[in-house]
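Asks: Below is one structure. I have some questions about it.
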Amino acid sequence: MLDLTIQTDQTVAMPEAPYVARHFIDGQYHDSADGRTSDRVSPSHGIVVSRAALGTASETGAAIAAARRAFDDGCWSDLSGKERAIVLNRVADLIEANEERLAVIETLESGKPISQARGECGGAADLWRYAASLARASHGDSHNTLGTDILGVVLKEPIGVVSIITPWNFPFWILSQKLPFALAAGCTCVVKPSEMTPSTTAMLGELLNEAGLPAGVCNIVLGHGDPVGSLMTTHKDVDMVSFTGSTAVGKLITKSAGDSLKKVALELGGKNPQVIFPDADLESAADAVTFGVYFNVGQCCNSSSRIIVHEDIADAFVERVVALSRQVVFGNPMHPDTQVGAIVTADHQQKIDGYVRAARDQGAEVMLGGGMMEVPGLGQQFYQPTVVRGVTPEMEIARAEVFGPVLSVLTFRDFDEAVALVNDSAYGLSAGVWSEDVHTCLSFCRKAQAGTVWTNTWMDGFPELAFGGMKESGQGREIGRYGFEEFLEVKSLVMRIGRSRAPWVKTG
């Protein structure tokens, strides 16, 4: 057994019964037409924590039809930005009031620590408030330099009905990176959460009703990608798809949506590097690396799953990260002191372990961990903090999105080699650089092929700053003004003033 800090005690009370999650369509809750449901067994506690309806084409079609009617009748899109902002701010207040209820069920369904779930569920209110501010601030442009008899106006209008498909790892947070911005723009929506973590999304339906969102503006359908997600991405009445998940599924959605030329926004996988130069604040860098790889059990598209360390400091730096890794509190997600919880499924845990085993077989050295971890009283759906050294660029562990608490360590000799290693990836979501030299940091930021670059920090985020990736990490942006404008269409209006148009047909 590794010498690790493991938390087994529990201070947060378990729910008395499983939460029942139902579809939310046209302002009402519904069961599936065939009565089918799916139980979610907690990855940490091994008990049924929620029972969700399993949607069919019938519920999905009804939800899309409701969103289409609501958009076409203008009950939301025709409101002023101020009126939409009032509703979104009410939702934010209700999210904060229900933070604990949301956090408990999210912890049990996902396996993430309760302290993290509280931060994400309660903190999501800030995304809703920022989106509300954009609803009021949105505007087009005017052009009065086209001639004295011409006035040009650029209008920004909601794109229409948006299908929003969210993943299991940050169910409420990622939903809040999409839905309030779509609503702020005046769109109507159909939402599908992952079947593994459906409950906080279903709970949001209650809050939307209470906040006064008109019926049909946001509809929630629970279930699997087939048939629910597939219909949401192909239906003729859907104008846009916003998806967060794996790159493989994102590619399939792009192909299926292409038949009707729907707009598609994708936030996909990552293989995110942090580069550590010898002049860096090594204590802070080591802490950020430790946070970056173990946050959300490494089940995070922004996980810093590979570090690229200058060869002169590699030995000392890796030793420091290993020492910090032993102090991270793994264990019972329902204890406030726990920092790292359970792996989402047993199958995914086996997949993580497969990457580590393959790396060892290829000659890499496992400096720490590298196997399942048993938490007394909670079973074995936990994985040890793992640090793998001697990784070379061609190894699968250096290229694939492991999506677990596994750190790959590569080394470099000079700046150009570091940048080459950073960009030698199919992904381009985020990257980080550690150096006290501002010139090094700025040069790195210009050359790194990533949608977000952090300097001397990791994973700081703000509602004002857009988020998204390059290459196979996706297309389009979320949050910030750029994320908001993904949900807008641009229309040019050309107005002639007076009877100044010269006739085209010559008559006499």
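Asks: So who's got an amide H within less than 5 Å of the one on I25, skipping anything under 5 residues away but keeping other chains? H placed 1.01 Å off N, in plane.
Replies: When sequence neighbours closer than 5 places are left aside, the close amide H contacts are H30, I220.
Asks: Here is a follow-up. What does the accessible area per residue of region 268-401 come to in Å², with a 1.4 Å probe and no ligands, DNA or RNA counted? Before the final figure, lay out each step's value.
Replies: On the way: 4660 Å² over 134 residues.
For region 268-401, the solvent-accessible area averages 35 Å² per residue.
Asks: Moving on. Taking just the alpha-carbon atoms of region 169-276, what radius of gyration and Dmax come out, in angstrom?
Replies: According to the Cα coordinates of region 169-276, Rg and Dmax are 14.7, 52 Å.
Asks: ³J(HN,Hα) across region 251-261 via Karplus (A = 6.51, B = -1.76, C = 1.60, θ = phi - 60°), whole Hz, x for Gly/Pro?
Replies: Working through the residues one at a time gives 5, 5, 5, 4, 5, 5, 6, x, 4, 10, 6 Hz.
Asks: With θ taken as phi - 60° and the coefficients 6.51, -1.76 and 1.60, list the Karplus ³J(HN,Hα) couplings across region 305-313 in order, rounded to whole Hz; mark glycine and proline as x.
Replies: 7, 9, 10, 10, 10, 4, 4, 5, 10
Asks: Can you give me the long-range amide H partners of F487? Hydrogens built in the peptide plane at 1.01 Å from N, cutoff under 5 Å, separation of 5 or more residues or another chain.
Replies: none
Asks: Then there is this: Kindly give Rg over Rh for region 261-311, based on alpha-carbon atoms, with the Kirkwood expression for the hydrodynamic radius.
Replies: 1.16
Asks: For V190, list long-range residues whose amide hydrogen, built 1.01 Å from N in the peptide plane, is under 5 Å from its own amide hydrogen.
Replies: V162, S163, I164, N219
Asks: Could you go through region 232-237 in sequence order and give the Karplus-derived ³J(HN,Hα) for each residue, using 6.51 cos²θ - 1.76 cosθ + 1.60 with θ = phi - 60°, rounded to whole Hz, and x for Gly and Pro?
Replies: Result, ordered by residue: 5, 9, 10, 4, 5, 8 Hz.
Asks: Ordering E157, E489 by how much accessible area each has at a 1.4 Å probe, largest first, what is the list?
Replies: E489, E157
Asks: Let me ask something additional. From the cross-link list K156/K236; K255/K471; K82/K112; K192/K262, which pairs have alpha carbons spaced over 25 Å apart? Walk me through the numbers before you get to the answer.
Replies: Numbers: K156/K236 22 Å; K255/K471 16 Å; K82/K112 36 Å; K192/K262 18 Å.
Over 25 Å Cα-Cα: K82/K112.
Asks: Turning to a different aspect of this structure: Calculate what fraction, in whole %, of the accessible area of the chain sits on carbon and sulfur atoms when a 1.4 Å probe is rolled over the protein chains.
Replies: Working: 10310 of 20520 Å².
Whole-percent figure for carbon plus sulfur exposure: 50.
Asks: Quick one: helix 346-361 against the long Cα principal axis of the chain, what's the angle to the nearest 10°, folded into 0 to 90?
Replies: Approximately 60 degrees, to the nearest ten.
Asks: So, one more: How do the peptides 295-307, 343-355, 125-137 rank, highest first, by the average count of neighbouring beta carbon atoms within 10 Å per residue?
Replies: Numbers: 295-307: 25.5, 343-355: 17.6, 125-137: 21.0.
The densest-packed peptide leads the list: 295-307, 125-137, 343-355.
Asks: Could you order the peptides 395-402, 18-25 from most to least packed, using the average number of other C-beta atoms within 10 Å per residue?
Replies: 18-25, 395-402
Asks: Between region 413-449 and region 277-303, what's the alpha-carbon centroid distance in Å?
Replies: Region 413-449 and region 277-303 have Cα centres spaced 15 Å from each other.
Asks: Contact order normalised by length for the chain, with contacts defined as Cα pairs under 8 Å and 6 or more residues apart; what percent is it? Write down the numbers at each step before the final one.
Replies: On the way: 1186 pairs, mean separation 96.8, N = 508.
With pairs under 8 Å counted, the relative contact order is 19 percent.
Asks: Could you please state, rounded to a whole Å, how far the C-alpha centre of region 105-156 is from the C-alpha centre of region 363-390?
Replies: Region 105-156 and region 363-390 have Cα centres spaced 40 Å from each other.
Asks: List the GluC sites (Glu not before Pro) in region 422-478 that DSSP assigns to loop (not H, G, I, E or B) and whose Cβ has at most 16 other Cβ atoms within 10 Å. Which are they?
Replies: E436, E464
Asks: I would also like to ask the following. Where does the chain land at 222 nm, in deg cm²/dmol rounded to the nearest 500, when only DSSP H runs of n ≥ 4 count, each adding -39500 (n - 2.57), divided by all residues?
Replies: My calculation for the chain gives -11500 deg cm²/dmol from helical runs alone.
Asks: Once you place label points 7 Å from the Cα toward the Cβ at T5 and R360, how far apart are they in nm?
Replies: According to this spin-label approximation, the distance is 2.6 nm.
The values are calculated or read from the model by the stated rules, or taken from the named source; none is laboratory data. Keep in mind it's a predicted model, so treat the numbers as computed, not measured. Neighbour counts run over all protein chains shown; Cβ positions are idealised from the backbone, glycine included. Note: areas computed on protein heavy atoms with side chains; ligands, DNA, RNA excluded. Shrake-Rupley method; radii C 1.70, N 1.55, O 1.52, S 1.80 Å.
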